[in-house]
Amino acid sequence: MAEDIAYQFDVESIRKQFPTLSQEVYGKQLVYLDNGATAQKPKTVIDAIERYYEVENANIHRGVHFLSQQATDKYEEARRVIQRYINAPLEEEVLFTTGTTGGINLVAYSYGELLSEGDEIIISAMEHHSNIVPWQMLCERKGCILNVIPMNESGELIMDEYRKLLSSKTKLVAVTHISNTLGTINPVKEIIRLAHDSGAVVLLDGAQSIQHMPVDMQALDCDFYTFSGHKVFGPTGVGVLYGKKELLDRMPPYQGGGDMIEKVTFEKTTYNGLPHKFEAGTPHIAGGICLGEAFRFLETMDLEGIQHYEKELASYAESELLQIEGLRIIGTAAKKTSVVSFVIDGLHPFDIGTLLDKQGIAVRTGHHCTQPIMDFYGIPGTVRASFAFYNTKEEVDALVRAVKRSAEMLR
Amino acid sequence: MTLEEKQQDIIDEFAIYDDWMDKYEYIIELGKDLPMIDEAKKTDDRLIEGCQSRVWLATDVQDGKMRFTADSDAIITKGIIGLLIRVLDGETPKSVATSDLHFIGDIGLQEHLSPTRANGLLSMVKKMKLSALKAAAE
Ligand SMILES: Cc1ncc(COP(=O)(O)O)c(C=O)c1O
């Protein structure tokens, strides 16, 4: 079945656009299944990075000269490409950050300044550490209270418990759109609607969703949405925070410096408007421009097709892996993306990952920066294969063969 | 056998493997064959928490020689521990503290002792050397 879709989808011609995929490691063809950690880059993005430093480099928003104007135009154009892609109403609602972690910290710090003692924040049991720790720090700073939506054995949030946690004290709900460890797609529309009914704002951690499905800020009606460039086929060190203008306007600046000011005197400084108020200092200019390029690449793709194809790959992988004795899938939500986390009874994920590596298979092992999930299942970690649209059924077969061989060696 | 001769011995043993999987097959066998630490000694103060695998290390000084036993929940880590102990156990404190464990790199396992690997092995080696330094000072 995966083959039919692969045919419509023409994976081979897509793979040709990703140079890293065609290499060998330890004398074996590389099988890259660590897309949840970071995605490989298409040639158009790599070329744009090279072009930027070869002929376009200049600082932005400051110079009157040709190169500076051109770089500023391209940087702002990238912002508009991203705005269009996520269907944000206004371009100044799209802030460049350093990544998901940068976006969450910005909101936790700046929106956090509007909170006071006794205010409540809700996160979930399946958050990445970067959507836990900034809120704990805020709670310590401001005396707020952190509540956690529990999950069931399949790795689905228990919505009844979420409803019980919501009250007029709830000021902010920060949840992941898709779990990086379990693959669960959370019912974010419902989460947002309920939060809004209680008068709370919602931040979605989009690190694992934007590369897998269409995301529409207006349809979702979330207040903040943040993601990392490197997981969406763009460069590292750059990411985006979308925020509703009326909230961003009310929030104090996060960092002070150049670009974010209107006028500076020693007596009083006034701040620049959006988005610059939140973009102090020289940004990752090449990163922003090339992230725009990554979205131009994605715009040429059939998003519905991608979703379907990736799901097929993951389902095929799960059913083949489950033939292996003692193997359990961790994360069996009814709605999942192309993440397959597993453990094998009696075997350590680290051992399996080490042997897979030597067979050319790149997966991630460990707790995936979600230690509370590991505690919940009582396991030291999982082996995680995470698929992108450039992966193939043959690669799934290679994974399954390699896992079988590793398990035999370790038993 | 001197510490250096023990390292050379291991390097010779590994020289016959040119395939990675064969090399690991051997390390896994070493790991399986070595029940290295009493369950009673697997206490929290002996635990070295790696990001991925956990390591327990017990150190002792007997008749002026360092004695080490160690264990891990991951079998590959345990196999490598076996090699480290083969080289360091029974050596004088001074010899352990100043040892250059080049055999790990020579047999292609340097990645397991890299600071980013976080399997507890690097911390274990550091602890072994620290305990030897302490013993040497006494
Ligand atoms: C769900 C989720 N949130 C946040 C992050 C953090 O992303 P970054 O390290 O790029 O800031 C990740 C990346 O691993 C993630 O998967």
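The values are calculated or read from the model by the stated rules, or taken from the named source; none is laboratory data. Because the structure is predicted, anything quoted here is derived from the model rather than measured. Quick reminder, even Gly has a Cβ in these numbers, built from the backbone with ideal geometry, and neighbours come from all protein chains shown. Note: areas computed on protein heavy atoms with side chains; ligands, DNA, RNA excluded. Shrake-Rupley method; radii C 1.70, N 1.55, O 1.52, S 1.80 Å.
Quick notes
- The Cβ shell under 10 Å around A:Gln359 holds other residues with a net charge of +3, Lys and Arg each +1, Asp and Glu each -1.
- Within straight-line reach of A:Lys142, meaning a Cα separation under 25 Å, sit the following lysines at least 8 residues removed in sequence or on another chain: A:Lys164, A:Lys169, A:Lys171, A:Lys244, A:Lys245, A:Lys277.
- A/B buried area, accessible surface, summed, 1.4 Å probe, Å²: 1700
- Couplings 3J(HN,Hα) of the range A:160-166, computed from phi: 4, 5, 4, 4, 5, 6, 6 Hz, in residue order, whole Hz [Karplus 6.51 cos²θ - 1.76 cosθ + 1.60, θ = phi - 60°; x for Gly and Pro].
- Cβ-placed point charges (K, R +1; D, E -1), dipole of the range A:224-356 about Cα centre in debye, nearest 20: 600
- C-alpha center-to-center spacing [the range A:272-331, the range A:348-380] in angstrom: 21
- Size of charge dipole - the protein assembly as shown - debye, nearest 20, with Cβ of Lys, Arg +1 and Asp, Glu -1, no other charges: 1040
- Accessible area per residue (1.4 Å probe, heavy atoms of protein chains only) ranks A:Asp197, A:Asp47 as A:Asp197, A:Asp47, with the largest value leading.
- Accessible surface, 1.4 Å probe, highest first, among residues B:Leu88, A:Leu114: A:Leu114, B:Leu88
- Within chain A, longest stretch free of exposed GluC sites (Glu not before Pro) [DSSP loop, at most 14 other beta carbons within 10 Å]: A:1-116
- Residue-level accessible surface for A:His367, protein heavy atoms, 1.4 Å, Å²: 30
- Ligands, DNA and RNA left out, the accessible area of the range A:285-328 computed with a 1.4 Å probe is 45% carbon and sulfur.
- For A:Ala39, distant residues with modelled amide H under 5 Å away: A:Lys231, A:Val232, A:Phe233
- Carbon + sulfur, % of accessible area of chain B - ligands and nucleic acids excluded, 1.4 Å: 50
- For the range A:142-186 versus the range A:397-411, the gap between their alpha-carbon centres in whole angstrom: 36
- Using R0 = 30 Å, the C-beta based FRET efficiency linking B:Ala15 and A:Glu408 works out to 0.75.
- Once the 1.4 Å probe is applied to the protein heavy atoms, the protein assembly as shown comes out at 42 Å² accessible per residue.
- Partners of A:Lys336 within straight-line reach, counting lysines whose Cα lies under 21 Å from its Cα and excluding those fewer than 8 residues away in the same chain: A:Lys189, A:Lys231, A:Lys311, A:Lys393.
- Built amide H within the under 5 Å cut-off of A:Val238, gap 5+: A:Gly229, A:His230
- Zone of A:Gln218's modelled label, taken as backbone nitrogen in the range A:234-273 under 15 Å from a point 7 Å along Cα→Cβ: A:244-245
- Cα-only radius of gyration and Dmax that characterise the range A:299-361, units Å: 14.2, 45
- For the range A:340-358, the residues whose amide N sits under 20 Å from a probe point set 7 Å from the Cα of A:Arg328 along the beta carbon direction are A:340-353.
- In the complete set of protein chains, residue-level accessible area for A:His129 is approximately 50 Å², probe 1.4 angstrom.
- Computed 3J(HN,Hα) for the range A:267-278, one whole-Hz value per residue from the Karplus formula 6.51 cos²θ - 1.76 cosθ + 1.60 where θ = phi - 60°, is 7, 7, 10, 10, 9, 5, x, 6, x, 5, 3, 9, glycine and proline marked x.
- Interchain or long-range residues, amide H under 5 Å from A:Thr170's placed H: A:Glu120
- Centroid-to-centroid, using Cα positions, the range A:53-120 and the range B:60-138 are 49 Å apart.
- Accessible surface, 1.4 Å probe, highest first, among residues A:Leu247, B:Leu34, A:Leu274: B:Leu34, A:Leu274, A:Leu247
- For A:Cys144, the solvent-accessible surface computed with a 1.4 Å probe is close to 10 Å², ligands and nucleic acids excluded.
- Heavy-atom accessible area, 1.4 Å probe, ligands and nucleic acids excluded: residues of the range B:8-55 down by at least 20 Å² from chain alone: B:Trp20, B:Met21, B:Tyr24, B:Glu25, B:Ile28, B:Lys32, B:Cys51, B:Gln52
- Viscosity 1.306 mPa s, temperature 10 °C, Stokes-Einstein D of chain A from Kirkwood C-alpha radius, µm²/s: 71
- Drop in accessible area of at least 30 Å² in the complex versus isolated chain, residues of the range A:331-370, 1.4 Å probe: A:His348, A:Phe350, A:Asp351, A:Thr354, A:Leu355, A:Lys358, A:His367
- Solvent-accessible surface, computed for protein heavy atoms with a probe of 1.4 Å, shrinks by 50 Å² or more for the following residues of the range A:380-411 when the other protein chains are added to the isolated chain: A:Met409.
- Taking the Cα centre of the range B:3-133 as reference, the dipole from Cβ charges on Lys and Arg (+1) and Asp and Glu (-1) amounts to some 640 debye.
- All lysines inside 20 Å of B:Lys23 as judged from Cα atoms, apart from same-chain residues fewer than 8 positions distant: A:Lys28, A:Lys358, A:Lys404, B:Lys6, B:Lys32, B:Lys78
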